[in-house]
1. Rounded to the nearest 10 degrees, what's the angle between the helix 30-57 long axis and the longest principal axis of the chain, both from Cα atoms, 0 to 90?
2. For the chain, what does the relative contact order come out to in percent, with C-alpha contacts under 8 Å and a separation of six or more?
3. I need the semi-axes of the equivalent ellipsoid of the chain: take the C-alpha gyration tensor, multiply each eigenvalue by 5, square-root it, list largest first in whole angstrom.
4. Net charge near K9: determine it from the other residues with C-beta under 14 Å of the C-beta of K9, scoring Lys and Arg +1 and Asp and Glu -1.
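Values in this text are rule-based calculations from the coordinates and carry no lab data. These figures come from a predicted structure and were not determined experimentally. Neighbour counts are summed over all protein chains in view; Cβ atoms, including those assigned to glycine, are modelled from backbone coordinates with ideal geometry.
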Amino acid sequence: MSGTSDKLKGAVSKVKGEFKDQVGNATNDRDMQAEGKAHKAKGTLQDTVGDLKNTFTDK
């Protein structure tokens, strides 16, 4: 898997997480908020992995 696809998956996870976090906040659903925060963290990790892959494969 290329770094670009990891970065794309990371961006999707971040958007999904932000949506869930906001819906959870609006409905006072702490479980939904926690899911959203977890998705955002996963997205950040995927983005970092993509950066690392791009760093080492661009050489």
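1. 10 degrees
2. 48 percent
3. Working through the eigenvalues yields semi-axes of 29, 8, 6 Å.
4. Taking every Cβ under 14 Å from that of K9, the sum is +3.
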